[in-house]
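I have placed the structure first, in the form of structure tokens, so that the comments after it can refer back to it.
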Amino acid sequence: MNNNTLEKFSYDNIIVRNFLFATMIWGVIGMLVGLFAALQLVYPILNFTDFTTFGRIRPLHTNAVIFAFVGNGIFAGVYYSLQRLCKARMFSDALSRVNFWGWQLIIVAAVATLPFGITTSKEYAELEWPIDIAITLIWVVFGWNMFGTILKRREQHLYVAIWFYIGTFVTVAVLHLVNSFEIPVTFLKSYSWYAGVQDALVQWWYGHNAVAFFLTTPYLGLMYYFVPKAANRPVYSYRLSIIHFWALIFMYIWAGPHHLLYTALPDWAQSLGVVFSVMLIAPSWGGMLNGLLTLRGVWDKVRVEPVLKFFVVAITAYGMATFEGPMLSLKSVNAIAHYTDWIVAHVHVGALGWNGFLTFGMIYWLIPRMYKTELFSIKLANFHFWIGTLGILFYALPMYWAGFTQSAMWKEFTADGVLAYPNFLETVLQLRTMYMLRALGGVFYLTGVIVMCYNIIKTVAAATAFEKDEAAEAPALAPVYTKHAGEHWHRWIERKPVQLMVFSLVVILIGGLVEMIPTFLVKSNIPTIASVKPYTALELEGRDIYIREGCNNCHSQMIRPFRSETVRYGEYSKAGEFVYDHPHLWGSKRTGPDLHRVGGKYPHSWHYNHMMDPTITSPNSIMPSYAFLLENTLSTPDTEKKIAAMRTLGVPYPEGYETTVRKEMDAQAEAIVQKLAEDKIKVSKDKEIIAMIAYLQRLGTDIKMKDSTSTK
């Protein structure tokens, strides 16, 4: 066919519109849930039912904003830009619709399970196994549609945005599959295939890279497309974009262990995480500079155009977050920040600034173009920008201050060598004002989002046309895969999408394999402790209640080898103590104290009263009441299945244990009931509180100081 021949075709705008509207709807819902959770830390009375306690609501918020708000934003931006970069309509309209409706159903499934305590407890991966399978299928549909479009493209070269889309697809698929290995017990209950240290390593390899490859790389692709479009300028540096892409995806995958510094993870894995985290500054800031320098010559427009304002602050927030992340991975800094609200501030600078503002700018740029009209109100868009920026500041600054306050109070000793604030609650009470200011920041930010939704609704209502199938034309060239003399070497890779996908896969697999294989295969990484035994059936049921209620959202089970922690909590945690923990429950935030050595610290009656009304034992506590545990009958029809599943995972329950499990549970429950009766507390032995007490009283009791080096 003649090179000058133009072929007419059309772009599918319907799928882009659908994802944009879903982004706005879920954004408002997810942020409302987040505001509600923030207010619960100020006004505990808002934990008014067992379905709305902080432990259940917090993962609903994170899933809603990450996978519903940001996820739909990713799909909207990719479906719009990919068609235009490839000069081709999406490979299949049917696959596009399956992608859209399947993703919305997954989000609805999260809403229908997380408030009911149906959770794996693994941060950012709380959804149970049937939903995990659905996520896998829909992600394959997305990849199939994307690669089908790329392969039928009319443009020879793959623009930098598409490299990031390919890297995102490949890496998210690997992360999800590896982290979601679990053994189903029932339709909505499973146990992680990994235990203890290995589970923590896999979880934070996934958790860190979920941030890297779901909240970062696809948005970098969107940055490389929408910022030049909005500024009407070419990308600042093609060569810098090459270095940015390959260095970023190679280094990011190694950095997960920096979430586990000073824990029971082997030191060599921690060190690898630190080294690669620090090196990440270079490619991350290379991408930030490439984005900001693209605006050279048009900074006068930034003053008047809200879209560019959002993009500039988004890229700046990306730069701030990607500088702070490597700094937090330094052990000296991490010793201060880990388990504090500093991490909450850090995460939200990226989420609210980078993801939120880039999404808002994209929406403001796309809707008027797709509806062939002007934005309803530039003033409202500017108002959104300023109140959103104010919201970020009111959110982040109090959380930074709260983090510094927590660390300072936890670690302070008097001149006599005793803890200055031995009661953990003393620190919590100092944070109430900061939590109020954080909630106010959330109100500001959410107000901006609602104003945006109104602005977009009015824009759409005033439009006279929406081009569902936007007409386009391009040279009818089949992609040519020959290299031309003097051409940059990377151009050859850009013409080979399948090879680019394979190269990306190899690059991202290296770090994960190097960190995980020795941890799984070299036994010296996790010395076995002879005194550590499997949980009894009643303790296992109690642990499942602990998971159901999301207790690990506020309490850690990992005492680090610091004087301040061992004096406060007891002997530091050992790797061998967690070999039967499927999943691990080390936690990532201490709103309440660490619980790893809580076993035997208090009588049964203390735990009973604490769960019934936390203020009885801890005046002014912000912990929710779990009085329903005193009334709920423990459900045990699946206990034998749970024991069998644990045995499959390598937990050494003896053969035939299932036949005696009921008798053992009854005896242990009866012993707890009798102890409670001594303190004039009458309760039936079949209540959930009994199982919870059994689990809490077990924590940390397998190891004593003399056992710390005892191995078999």
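The values are calculated or read from the model by the stated rules, or taken from the named source; none is laboratory data. Not measured: the values here are computed from a predicted model. As a convention, Cβ positions derive from the backbone with ideal geometry for all residues, glycine included, and neighbour counts pool all protein chains shown. Side chains are part of the model used for accessible areas, which takes the heavy atoms of the whole protein and leaves out ligands, DNA and RNA. Shrake-Rupley method; radii C 1.70, N 1.55, O 1.52, S 1.80 Å.
A few notes on this one:
- Residues that are open to solvent by 30 Å² or more (accessible area, probe 1.4 Å) and either among the basic types (K, R) or touching a Leu at 6+ places or on another chain (Cβ under 7 Å) (or both), drawn from region 669-697: K675, K680, K682, K685, D686, K687
- Selection over region 634-678 of residues that are within 33 Å of the chain's Cα centre (by Cα) and not small (G, A, S) gives a count of 15.
- Meets criteria (of a type in the set (A, V, I, L, M), closer than 30 Å to W586 by Cα, under 21 Å from the mean Cα position of the chain (by Cα) and at pLDDT 95 or above) for I118: yes
- Between V333, V347, the distinction of being under 21 Å from F69 (Cα atoms), open to solvent by 10 Å² or more (accessible area, probe 1.4 Å) and at pLDDT 95 or above belongs to V347 only.
- All conditions but one from (1) open to solvent by 40 Å² or more (accessible area, probe 1.4 Å); (2) at pLDDT below 95 apply to Y657; the one that does not is (1).
Residue by residue, here is whether (1) out of contact with any helix residue (DSSP H, G or I) (no Cβ under 8 Å at 6 or more places or on another chain); (2) at pLDDT 95 or above; (3) of a type outside the set (S, T, N, Q) holds:
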| residue | (1), (2), (3) |
| --- | --- |
| M434 | no, yes, yes |
| L440 | no, yes, yes |
| I456 | no, yes, yes |
| A463 | yes, no, yes |
| K468 | no, no, yes |
| P479 | yes, no, yes |
| T482 | yes, no, no |
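- Residue check, L505 open to solvent by 50 Å² or more (accessible area, probe 1.4 Å), touching a helix residue (DSSP H, G or I) at 6+ places or on another chain (Cβ under 7 Å) and either modelled with pLDDT of 90 or more or part of a helix (DSSP H, G or I) (or both): yes
- Inside region 407-442, residues that are open to solvent by 60 Å² or more (accessible area, probe 1.4 Å) and either assigned to a loop (DSSP other than H, G, I, E, B) or touching a residue at least 40 places away in the same chain (Cβ under 8 Å) (or both) make up a count of 13.
- Of the residues making up region 574-586, those that are open to solvent by 10 Å² or more (accessible area, probe 1.4 Å) and more than 19 Å from Y124 (Cβ to Cβ) are K574, A575, E577, V579, Y580.
- Within region 618-633, restricting attention to residues that are among the polar types (S, T, N, Q) and under 19 Å from I545 (Cβ atoms), the residue that is farthest from the chain's Cα centre (by Cα) is T633.
- Scanning region 547-596 for residues that are among the small types (G, A, S), part of a loop (DSSP other than H, G, I, E, B) and touching a helix residue (DSSP H, G or I) at 6+ places or on another chain (Cβ under 8 Å) turns up G550, G587, S588, G592.
- Where I45 falls short, out of the listed (1) in a helix (DSSP H, G or I); (2) over 30 Å from M399 (Cβ atoms): (2)
- Some residue of region 69-88 being surrounded by fewer than 21 Cβ atoms within 10 Å (Cβ to Cβ), in contact (Cβ under 8 Å) with a residue 40 or more places away in the chain and under 24 Å from W365 (Cα atoms): yes
- Set F9, F51, F36, F19: member being open to solvent by less than 40 Å² (accessible area, probe 1.4 Å), closer than 28 Å to V347 by Cα and among the aromatic types (F, W, Y): F19
- Residues that are open to solvent by less than 20 Å² (accessible area, probe 1.4 Å) and either at pLDDT 95 or above or more than 31 Å from the chain's Cα centre (by Cα) (or both) within region 508-543 comprise I529, V532, A537, L538, E539, L540, E541, G542, R543, listed in sequence order.
- Residue check for S618: touching a residue at least 12 places away in the same chain (Cβ under 8 Å), open to solvent by 20 Å² or more (accessible area, probe 1.4 Å) and in contact with a strand residue (DSSP E or B) (Cβ under 9 Å, 6 or more places away or on another chain): no
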